[in-house]
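Only one structure is covered here, and it is reproduced in the block below.
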Amino acid sequence: MSTNPGWISVDEEGDPLPTQCSHLGEIVAVPSPPPQECMDCIVEGTTWVNLRQCLTCGGVRCCNDSPRKHATAHWNAVGHPLMRSAKPGEAWAWCFAEDLYLVPADGGEGA
């Protein structure tokens, strides 16, 4: 588990929320940069639009704009609540459990 989560929950204007995500302690060291393929789409022979990386296990899966929505399926199947964008140049994450948008606390790439 991470002792420095590296992420803060923000509102639509980018201002920190008074209550932060309670799942930040579940973040572990994940490969960075993340692989640029959806593990599940590869197995199924399907395609993806954008990718998300699980901050609990490091697995990369496709976003909800993709036909199979594997990132959300991963959350539903195993309960890993935090995914970050795997798109180069993007630095944000999402907590499925609390419906919270997160950005790097230091303005960088996050944990």
Only one of (1) more than 10 Å from the chain's Cα centre (by Cα); (2) free of Cβ contacts under 8 Å to residues at least 60 places away in the same chain; (3) within 21 Å of Val10 (Cα to Cα) does not apply to Ala105, and that is (2)
Counting only residues that are of a type in the set (A, V, I, L, M, F, W, C), crowded, with 16+ Cβ neighbours inside 10 Å and farther than 17 Å from Trp94 by Cβ, the range 10-45 contains a total of 1
Scanning the range 70-111 for residues that are modelled with pLDDT of 95 or more, surrounded by fewer than 17 Cβ atoms within 10 Å (Cβ to Cβ) and under 22 Å from Met39 (Cα atoms) gives Ala73, Asn76, Ala77, Val78, Gly79, Trp92
Exercise. For Ser66, state whether it is in contact with a strand residue (DSSP E or B) (Cβ under 9 Å, 6 or more places away or on another chain), surrounded by fewer than 20 Cβ atoms within 10 Å (Cβ to Cβ) and not in a helix (DSSP H, G or I).
Key: no
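The values are calculated or read from the model by the stated rules, or taken from the named source; none is laboratory data. All values derive from a computational prediction rather than experimental measurement. Glycine gets a Cβ as well: all are built from the backbone with ideal geometry, and neighbour counts include every protein chain shown.
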